[in-house]
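S.K.: Below: one structure in structure tokens.
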Amino acid sequence: MPASQESIKKRISELLASDSIDGEQLLSLTSELAQQDDKNVRFTIDASHINRLGLELVAKQETAVAELIKNGYDADATVVDLIFKNVDVPGGSLEVWDNGNGMTRQELIDGFMRISTSDKITNPYSKKFKRKRAGQKGIGRFATQRLGRELILTTQTIDDNFALRIHFNWDDFTAKRELITISNTIEVIERQPKHGTTLLINNMRDAWSDAQIKRAFRYISSLLNPFDLEKVKNKPEKDPGFKTSFYSEKDNDLKKITDETEEIFRHALGIIEGSVDQEGKAYWSLVSSRYKEFTINKELEVDSNHSWAHLAGTKFQVYYFILDTVLIPKGYFSLVREYLKTFGGIRLYRNGFRVHPYGEPFDDWLRLDKSSALRKILPPHRNENFLGFVSVNDDQGTVFQETSSREGLIENKAFEDLRAFVYEIISRSVLVIAAHRQKKGSGTKDYRPPQPAISLFAKAQELVSKLDEKARPKEEPSNATWEIPSVDSNFEEDLRRGILELGQAGQDLLEEIGMLRVLASLGLTIGEFTHEIRHSLLSLLADFNQLSSISDDGSPESSILKNIDYNLKAIQAYAQYFDRAIQNNAQRKLEVLELRDIINNFELMAGPLLIKEQIELIKDIQGYDLFTRPMHNSEWASILLNLLTNSVKAIKRAQVQGKVLLRAGFVADNVFLEFSDNGTGIPPEHVDKVFDAFFTTSAMPGLFATDSEELVGTGLGLKIVKDIVESSQGEISIVHPPPGYKTCFRIEVPKALEEEIPEDAY
Amino acid sequence: MPIKYLCIDDDKESVLPLLDAIKNGSDDLEFECQKPKSEIRDQITSIKASSSNGYIIDFRLDKNKNDENEIVYHRGHTLAQELRTRMAERSISSSPIVLWTVDDFQQSSKKDDTSRDLYDRVYIKDKDILNNPQVVKNELVSLAQGYISIKEKKNGPDPFFSMLGISVGEDDASLDPRMGESLRTQGRLHSCHKYAQYILKNLVLVAGPLVDDRILAARFGIDKSQSEDWRKLLDKISTESKYNGVFCEAWPRWWMHRVENWWKSCKPSPPPLRRLTAEERVDIIKKSTKLTKLVAAIPYKRNYSSRFWTICQVYECPLDPIDGFMAFSPNPLPWQDTPYLSMHSVLEREHKKKNFSINPLERQRLKSLKRI
């Protein structure tokens, strides 16, 4: 039985008469009174509605966290930090700190404390940086209820010299109570060191594992523009960007949760950039961190169909990836692949704001997928090979007009030019990288000598497209008489020279392939026969041993026997050497290799030869665990045997007591191996040429079994060595030899990542 | 009666000199060499007819045509398995089988080493045979004699210990009771091959209750290459502690528990060997035995301890386990000694040349050592 109207009125007037008014009681009495209105009925809100908004609307933990970060973004914060404290079991806390504008008491009451405010509709952009406000439903704050049972909100504006703090205990919001009657204490506290809002969520409902925190972080990262828009914006009130960091704190130990995006950018083959200045001149640049010393910075010429004048202020930056296990290390491959699958593509920003749907997985606004399908150029260039953005400036909104549906831009001339501008630079860049990659010879898993197809093709492509442009009728495309306009003489000259170069390069490669084929078949033959020779040699030696043990009496016969013994041992040494070299080459497994093992293995293999040639091998290895990135064991065998072959020849020429020094160690992110000998040395005029195919100074008749001069002096040995080293992203060079030596080859290859080294490597 | 081995090799002509080198004119060993038969059935018949005490089988029987000008399709393992089966069924007398090869076997056994169990020994033709034919000869003879002895004792009382030449009780009671446990129960049911395998591979070739002269020298702290009286010392302790069980002819070993008893009997009664430095051990031995030409061994590295207990598997030098890492051994038995690798060999990765790895338990220690 409800209290009578009279008694309620009486209690209200008593309440109003008292010195301090209890707001909670007043509200509850007036609403009770209002409910007894005979003529009208009103909606009321049950306090447990907060539960609906928090626990039920914000289903996932990640979404809840994202909602809180959006609040910071809307408040013009540049930094939002999240600290998860002792959350490995339920009951921990989460602190969300932003350096935004903070809220005044009025803003708190009108904004934060008011559910379903229309503020975001009436003020769609943020105060300071004019950000398009991200939170839309107005329920972000209830995400805190989803996350924990208690919230302490502290807010500090830029101007006020005090801060405000409100304490929410979500468990007070129980069913059967009027929402408006639940009070949350607000206090004025001393000025905080920095402006912004801090949400401290205590008594967390769930436990958060590191993996969950990481997942939330990844989710948030995906919502933010991964690029630094600062570079591309050019406005007075420029938005310095927005950065979120996650920390996890346990037992006072603060740990930063890392950003995988940076991890992913590291595996890009190149960064492609383009820009158009105020005069309408376009520039493009390509920086490849993968291939050192490799930057291109050029002006992009205007072509007849497109002009860049409308595009003043346009900039773009694109990371280029090729999903190839050779280019991306094992541990990261699937991460990069998944990331590119989800976020790959080139997004478009207009005046700093993302224009949808450009750059979404299904969108092909630059026609990259189409171009790939038509194989306009050969290297991979689908949308998912790129991660980047294009930013256009159009303050007046006249150049690029939005469609009436607010989804995308009208495909006018400016838009067409923008497309051409970006596509042109991207396609040129991927061709350059392809040519470079080919030179480096890192095609597939197994080592394959560089093939001419792509780089030659790329060059031909370039020439042909030039020709196309020149041949295309300029003014009237519909004109049926299609005559080739006169070609200017400079261009004709370029074309002629280009084609001649192609011809020459092709010829050289064919010769090289021919020679490699001869060497390969020779290798097979030697492999087949050395094994057979070992069998015959075996019985020969067994017989000989018996014979020599019978007569060792200083007679003339016994000295003949000694000579035979020496030579038989030499033949045995060579046979073993070949056999081991062949066995080493037969192992074709990619694995991390330790330089000590490589050197020890080489010593074992070359041992008999070194003894025979009376060459001393000296080792000087500094540091432990000199693991290389995954390579073929046989590649190192080839490298060292080739270098040794040269050394043996050079030592013979120099007529000295031969010495070979192998030094190894770490240098920055690489491991190095230096191979020095005290032979004749390389004359300075030859240093630049020794790695070229067919360069040879060899005049010695065959060192090994064959004396066919043609094969000994092919000049392919060092070329092969260089190809092998470079295919592993390494470098080989001739450096100043250590004292006492004449030649020194230095090889550097990347060292293995910790996760690549298997347990049993020790 | 000389020991007779039947050698089955498809390259008969070129292995004859090898067999001659092994025999080297001695009359306690003789060989018969056959090319393989293309049919296993014919092969078994001819093997039975040869009445041999052991078999040498080539890994690749399929490379050359046989006497009947046929191609043989099977390899050595097939034949060896057939022989083992027949021996277990007693249609062929139990005998040693050794494999010899140029090196194909090493390649294939890296991938699958289960077939190794078929053989008592594996020899590399141009390494073991060419360099040490005398050692191979001794081993072949000893293996055949060992099998003959196992066959005799297998059906007698306490077969396992009688094969080892000891009787349990008295001073041998200190042996680990787990040693040979699987063979001591239901003894008669086991094949000779199983006894031979167990004794050779778990006791004779691996240090534990039995040790070879290198470990013995290490434990005495003696540099045997520098010590003229080393042989005399060995003779002194051998009466009591030399192993005289099967295969002792080719593999001289000593019972460690008996060696320790001998040590305890030295006057005045010395502290346990392990506590003393090499110098201290040698001093005591010199005084006790009156042998003067004994030289204390020096550690491999100057800062290594000389309280030697084992040898480095890589350098074969005496080693205090404190200066080494445990080597990985795939199926160690609890009563065997742990093989060690000296720190130096592991840091310089010399152990990898001999295909050793460190025990997984040591990885952390190695890591922390590298940081110093």
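S.K.: Only Lys, Arg, Asp and Glu count, each charged at its Cβ (+1, +1, -1, -1), so figure out the dipole size of the protein assembly as shown about its Cα centre, rounded to 20 debye.
M.R.: Result for the protein assembly as shown is approximately 2080 debye, rounded to the nearest 20.
S.K.: Okay, moving on. For the range A:52-185, build the charge dipole from Cβ charges (+1 Lys, Arg; -1 Asp, Glu) around the Cα centre, then report which of A:G54, A:A143, A:S126 sits farthest towards its positive end.
M.R.: Going by the Cα projections, it comes out as A:S126.
S.K.: How long are the semi-axes of the equivalent ellipsoid of the range A:715-762, taking √(5λ) for every eigenvalue λ of the Cα gyration tensor, in whole Å from largest down?
M.R.: Gyration-tensor ellipsoid for the range A:715-762: 27, 16, 9 Å.
S.K.: Stokes-Einstein D for the range A:1-54 at 25 °C, 0.890 mPa s, Kirkwood Rh over Cα pairs, in µm²/s?
M.R.: So the translational diffusion coefficient is about 191 µm²/s.
S.K.: Would you be so kind as to identify which of B:Y315, B:L175, B:L347 lies farthest towards the positive end of the dipole of chain B, taking Lys and Arg as +1 and Asp and Glu as -1 on Cβ and the Cα centre as origin?
M.R.: Checked the options; the winner is B:L347.
S.K.: What does the helix-only formula give at 222 nm for the protein assembly as shown: each DSSP H stretch with n ≥ 4 adding -39500 (n - 2.57), the total divided by the residues, and the result rounded to the nearest 500 deg cm²/dmol?
M.R.: The helix-only estimate for the protein assembly as shown comes to -12000 deg cm²/dmol at 222 nm.
S.K.: Further, regarding this structure: If the limit is 25 Å between Cα atoms, which of B:K267/B:K301; B:K137/B:K301; A:K652/B:K125; B:K63/B:K127; A:K659/B:K224; A:K612/A:K719 go over it?
M.R.: Listed pairs above 25 Å: B:K267/B:K301; B:K137/B:K301; A:K652/B:K125; A:K659/B:K224; A:K612/A:K719.
S.K.: Could you tell me which residue out of A:H632, B:L164, A:M103 lies farthest along the dipole of the protein assembly as shown toward its positive end? Charges go on the beta carbon: Lys and Arg +1, Asp and Glu -1, centred on the Cα centre.
M.R.: Of A:H632, B:L164, A:M103, it is B:L164.
S.K.: Summarise the partner chain shielding of A:532-544 as one whole number: the mean count of Cβ atoms from other chains within 10 Å of each residue's Cβ.
M.R.: Mean inter-chain Cβ contacts per residue within 10 Å come to 6.
S.K.: Continuing with the same structure: With N denoting the number of residues in the range B:1-157, provide Rg(C-alpha) divided by 2.2 N^0.38 Å, to two decimal places.
M.R.: Against the compact-globule rule of thumb, the ratio is 1.00.
S.K.: Taking just the alpha carbons, could you work out the radius of gyration and Dmax for the range B:280-354, both in angstroms?
M.R.: Cα radius of gyration and Dmax of the range B:280-354 are 14.7, 43 Å respectively.
S.K.: Which whole number gives the average count of other chain Cβ atoms within 10 Å of the Cβ atoms across peptide A:754-762?
M.R.: Shielding by partners across A:754-762 averages 3.
S.K.: Now, a different point. Roughly how many whole Å is it from the C-alpha centroid of the range A:1-54 to that of the range A:628-643?
M.R.: 86 Å
S.K.: Could you name the aspartates and glutamates whose alpha carbon sits less than 17 Å from that of A:K562, not counting residues in the same chain fewer than 8 places away?
M.R.: Once the sequence-local aspartates and glutamates are set aside, what remains near A:K562 is A:D543, A:D552, A:D553.
S.K.: Let me ask something else. Give me the distance between the Cα centres of the range B:30-109 and the range A:504-551, rounded to whole Å.
M.R.: 30 Å
S.K.: Are there any residues in the range B:1-38 with a reduction of at least 10 Å² in accessible surface when going from the isolated chain to the assembly of protein chains? Probe 1.4 Å, please list them by number.
M.R.: Residues of the range B:1-38 that lose at least 10 Å² of accessible area once the other chains are added: B:D11, B:S14, B:P17, B:L18, B:D20, B:A21, B:N24.
S.K.: Looking at the protein assembly as shown, send over the antiparallel percent of its DSSP beta bridges, to the nearest 5.
M.R.: 70 percent
S.K.: For the peptides A:123-132, B:282-291, A:296-305, what is the packing order when you average, over each peptide's residues, the other Cβ atoms within 10 Å and list the highest mean first?
M.R.: Most protected by this proxy first, the peptides run B:282-291, A:123-132, A:296-305.
S.K.: Further, regarding this structure: Taking a quarter of the surface of the Cα convex hull of the range B:246-372, what do you get in nm²?
M.R.: That works out to 10.1 nm².
S.K.: Run the dipole for chain B about the Cα centre, Lys and Arg Cβ at +1, Asp and Glu Cβ at -1, nothing else charged, and hand back the magnitude in debye, nearest 20.
M.R.: 1480 debye
S.K.: I would also like to ask the following. Of all the C-alpha pairs in the range B:13-57, what % are more than 16 Å from each other?
M.R.: 45 percent
S.K.: How large is the direction-averaged shadow of the alpha-carbon convex hull of the range B:166-260, in nm²?
M.R.: For the Cα atoms of the range B:166-260, the hull's average projected area reads 6.6 nm².
S.K.: May I have the extent of the alpha carbons of the protein assembly as shown along their three principal axes, as whole Å values ordered from largest to smallest?
M.R.: Cα extents, longest axis first: 129, 97, 63 Å.
S.K.: For the range B:150-288, what is the charge dipole size about the Cα centre, in debye to the nearest 20, if Lys and Arg each add +1 at the Cβ and Asp and Glu each add -1 at the Cβ?
M.R.: Roughly 220 debye for the range B:150-288.
S.K.: Nearest 100 Å² is fine: what is the total accessible surface buried where chains A and B meet, probe 1.4 Å?
M.R.: By this definition, chains A and B bury close to 2600 Å².
S.K.: Please work out the Kirkwood hydrodynamic radius for chain B, using every pair of different C-alpha atoms, and report it in angstroms with one decimal place.
M.R.: For chain B, inverting the mean 1/r across all distinct Cα pairs yields 22.8 Å.
S.K.: Please work out the ratio of the alpha-carbon Rg of the range B:222-321 to 2.2 N^0.38 Å and round it to two decimals.
M.R.: Relative to the rule-of-thumb radius for its length, the range B:222-321 sits at 1.09.
S.K.: Computing the accessible area with a 1.4 Å probe over protein heavy atoms, can you report the carbon and sulfur percentage for the protein assembly as shown?
M.R.: 51 percent
The values are calculated or read from the model by the stated rules, or taken from the named source; none is laboratory data. Values in this document were obtained by computation on a predicted structure and should not be read as measured data. Here Cβ is always computed from backbone atoms with ideal geometry, including for glycine, and neighbour counts include all displayed protein chains. To get the accessible areas, we keep the full protein, side chains included, count just its heavy atoms, and leave off ligands, DNA and RNA. Shrake-Rupley method; radii C 1.70, N 1.55, O 1.52, S 1.80 Å.
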